[in-house]
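Enquirer: I'd like to ask you about the structure that follows.
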Amino acid sequence: MSKFTSHMDAALTEARRAAQRGEVPVGAVVVGPQGEVLARAGNRTCADHDPSAHAEMLAIRAACALLGRERLTGCDLYVTLEPCAMCAGVISGARIRRLYFAASDPKSGGVDHGARVFTHPQCHHAPEVYSGLSEARSAALLREFFAKRRGPG
């Protein structure tokens, strides 16, 4: 049995880079079956003028392009925030093996909150889901980002 290695630090690095670009600080990393990082991304919805340019979507697209296939069977996804329903649908479609997310998103999440995409009978594939890895660091990054945007009191 191989030793578990978290790639959440890499996802947090992508989230910080997104924040530096003025994007909501969410980062994602796709890891292959051998533990190799296949793709990484941070949110780019503003920069790309694309509401689907969430970190998860971008990392999944890049990993699929790298591997030359539409399925990421055997791959894992690390993301700093609970995926929304749109991203959860793509995670299912890509056949991600395991989803690790840091902070929960009671307002817009689609995994443990809201739509709970993976519990629907229409969901063709549900990954193993693990939440809470580096939750405090991810939540602090999001709080800091939105506090700066709101300005002083």
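The values are calculated or read from the model by the stated rules, or taken from the named source; none is laboratory data. This is a predicted model, so every value here is computed, not measured. Don't worry about glycine lacking a Cβ; one is built from the backbone with ideal geometry, like all the others, and counts go over all protein chains shown. Surface areas here come from the heavy atoms of the whole protein model, side chains and all, with no ligands, DNA or RNA. Shrake-Rupley method; radii C 1.70, N 1.55, O 1.52, S 1.80 Å.
Enquirer: Can you tell me which of 24-32, 129-137 comes out highest on packing, and rank the rest after it, using the mean Cβ neighbours within 10 Å?
Expert: Peptide ranking by packing, descending: 24-32, 129-137.
Enquirer: Still on this model: Mind listing the phi-derived Karplus ³J(HN,Hα) values for the stretch 110-115, rounded to whole Hz, using 6.51, -1.76 and 1.60 with θ = phi - 60°, and x for any glycine or proline?
Expert: So the Karplus estimates, Gly and Pro as x, are x, 10, 8, 10, x, 5 Hz.
Enquirer: Would you calculate the separation in nanometres between label points at Arg71 and His125, each defined as 7 Å from the Cα along the Cα-to-beta-carbon direction?
Expert: 0.6 nm
Enquirer: Can you work out the Karplus-derived ³J(HN,Hα) for every residue in the stretch 33-42? Use 6.51 cos²θ - 1.76 cosθ + 1.60 with θ = phi - 60°, whole Hz, and x for glycine or proline.
Expert: Computed from phi, the couplings for the stretch 33-42 are x, 8, x, 7, 6, 8, 7, 8, 6, x Hz.
Enquirer: Among DSSP beta bridges lying fully in the stretch 1-144, give the percent that are antiparallel, nearest 5.
Expert: 50 percent
Enquirer: Please give the Cα centre distance for the stretch 29-60 versus the stretch 66-91, rounded to the nearest Å.
Expert: So the two Cα centres are separated by 8 Å.
Enquirer: Would the stretch 1-74 count as rounded, prolate or oblate if I go by the C-alpha gyration tensor, calling it rounded below 1.5 in a/c and otherwise prolate when a/b exceeds b/c, oblate otherwise?
Expert: oblate
Enquirer: For the chain, what does the relative contact order come out to in percent, with C-alpha contacts under 8 Å and a separation of six or more?
Expert: 19 percent
Enquirer: How far is helix 55-67 tilted, in degrees, relative to the longest principal axis of the Cα atoms in the chain, given as a value from 0 to 90 rounded to the nearest 10?
Expert: 40 degrees
Enquirer: With Cα Rg over 2.2 N^0.38 Å as the read-out, I listed [x] 1.14; [y] 0.99; [z] 1.07; which label goes with the value calculated from this structure?
Expert: The calculated read-out lines up with [y].
Enquirer: By how many degrees, 0 to 90 and rounded to 10, does the Cα axis of helix 8-20 deviate from the longest principal axis of the chain?
Expert: So the inclination is approximately 40 degrees.
Enquirer: Return the long-range amide H neighbours of Arg116 (sequence gap of 5 or more, or a different chain), with a cut-off of under 5 Å between placed amide H atoms.
Expert: HN-HN under 5 Å from Arg116: Val111.
Enquirer: Moving to a separate point now. Can you give me the accessible area per residue for the stretch 33-153, using a 1.4 Å probe, in Å²?
Expert: Accessible area per residue: 53 Å².
Enquirer: Taking 0.36 nm per intervening residue step and subtracting the Cα-Cα distance, what contour gain separates Arg143 from Thr13 on full extension?
Expert: So the chain would gain 45.2 nm between Arg143 and Thr13.
Enquirer: Still on this model: Under the definition of Cα pairs under 8 Å and six or more residues apart, what whole-number percent is the relative contact order of the stretch 75-153?
Expert: 32 percent
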